[in-house]
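The values are calculated or read from the model by the stated rules, or taken from the named source; none is laboratory data. Just so it is clear, the model here is predicted, and its values are computed rather than measured. As a convention, Cβ positions derive from the backbone with ideal geometry for all residues, glycine included, and neighbour counts pool all protein chains shown.
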There are 2 protein chains.
Amino acid sequence: MPTMTAAQRRAAEKADYDAFLAQCPSRQLLDRLSDKWVTLAMVALDAGPQRYSQLSRTIAGVSQKMLTQTLRTLERDGLVTRTVTPSVPVTVTYELTDLGRSLQGVVELLKDWAESHMDAVLSARQEYDAALAY
Amino acid sequence: MPTMTAAQRRAAEKADYDAFLAQCPSRQLLDRLSDKWVTLAMVALDAGPQRYSQLSRTIAGVSQKMLTQTLRTLERDGLVTRTVTPSVPVTVTYELTDLGRSLQGVVELLKDWAESHMDAVLSARQEYDAALAY
DNA sequence: CGGAATCCTGCCTGATACTG
DNA sequence: CAGTATCAGGCAGGATTCCG
């Protein structure tokens, strides 16, 4: 682990995290969580433990690079577990941790909001675009 | 019209088989909401109607370009209102709409999660990094 | 003050090839 | 199957300048 700068140490000792501060760790965490692949992966994993190939099928449009990268950071942050079964061919299963499940609930709300307010957003866009057409 | 991106091509090919994420309209909306500037702007606006300059101060690290761009799309999607007071110099105030407020609650949870689980994530990272050091 | 327009760079993303 | 490695490009996003 790299050494903290004096400024970072002072900030960490200040107890409360504030995501509005650019240098605050929680801000960087929020930035990472506010990523579409993270969101989609978390939502997909709500269906239970899944294999890599199934996730790539569920999350249509994700490249293998981004899926791997996303799952790695989620694993590193303690949100998912990665289990390798040394069969031939190898089987890798991803599963939400307790920490991940606590976040999943929030992300799920985001997905639910998107689905239930689609119409309102679409009509707002039409109205906005119509007003610009002058 | 520009060529399709690889993601769009892949998504289009899988469209008919995966109703969950492939081309569901809410997928695009969810992608849009899963943006760090959107998240931060929505959270910031919870404090009430605010002027452009105040928002830029609250959301540390945001460039003028990204703030404007983010607020524009939020306005277009009917999540915020933009009010111009034709004084000199001009005053512009942003405020959440009812639709925006319904989303704000969810996004706020995301920020709260990030701040309250920061320690857990940090220790998970240390553990992960330590395990890799062999 | 609150932008718009422009330029420009970095890195994020995707494609391809290879591996255990 | 589940990745890693590498390379190329496109666009997100920062910096700067100018304007009502």
Show me the helices (runs of 4 or more DSSP H) entirely contained within the stretch B:32-117 in which 1 or more residues are at negative phi and more than 12 Å from every other protein chain (Cβ to nearest Cβ). B:52-58, B:64-76
Please give the number of the condition B:Leu74 fails out of (1) farther than 20 Å from A:Leu30 by Cα; (2) touching a helix residue (DSSP H, G or I) at 6+ places or on another chain (Cβ under 9 Å). (1)
A:Met66 is checked against (1) within 11 Å of DNA strand D (Cβ to nearest atom); (2) closer than 18 Å to B:Gln28 by Cα; (3) surrounded by fewer than 13 Cβ atoms within 10 Å (Cβ to Cβ) and fails just one. What number does that condition carry? (3)
Output the qualifying pairs, or none if there are none: Cβ atoms under 7 angstrom, residues six or more apart or on different chains, first residue in the stretch B:36-59 and within 14 Å of B:Thr81 (Cα to Cα) and in contact (Cβ under 8 Å) with a residue 60 or more places away in the chain, second residue aliphatic (A, V, I, L, M) and assigned to a helix (DSSP H, G or I). B:Met42/B:Leu103; B:Met42/B:Val107
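Yes or no, residue by residue, for (1) surrounded by fewer than 17 Cβ atoms within 10 Å (Cβ to Cβ); (2) of a type in the set (D, E, K, R); (3) in contact with a His (Cβ under 9 Å, 6 or more places away or on another chain):
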{"site": "A:Asp16", "(1), (2), (3)": "yes, yes, no"}
{"site": "A:Phe20", "(1), (2), (3)": "no, no, no"}
{"site": "A:Leu29", "(1), (2), (3)": "no, no, yes"}
{"site": "A:Asp35", "(1), (2), (3)": "no, yes, no"}
{"site": "A:Ala47", "(1), (2), (3)": "yes, no, no"}
{"site": "A:Ser53", "(1), (2), (3)": "yes, no, no"}
Quick check on the stretch B:41-56. Is at least one of its residues among the β-branched types (Val, Ile, Thr) and within 15 Å of the chain's Cα centre (by Cα)? yes
Could you please let me know if A:Gln28 is of a type outside the set (Val, Ile, Thr), under 30 Å from B:Leu99 (Cβ atoms) and free of Cβ contacts under 8 Å to residues at least 40 places away in the same chain? yes
Selection from the stretch B:70-99 of residues that are within 12 Å of DNA strand D (Cβ to nearest atom) and in contact (Cβ under 8 Å) with a residue 24 or more places away in the chain: B:Thr70, B:Thr73, B:Thr91, B:Val92
For B:Asp129: the one exception among (1) surrounded by fewer than 16 Cβ atoms within 10 Å (Cβ to Cβ); (2) at pLDDT 95 or above: (2)
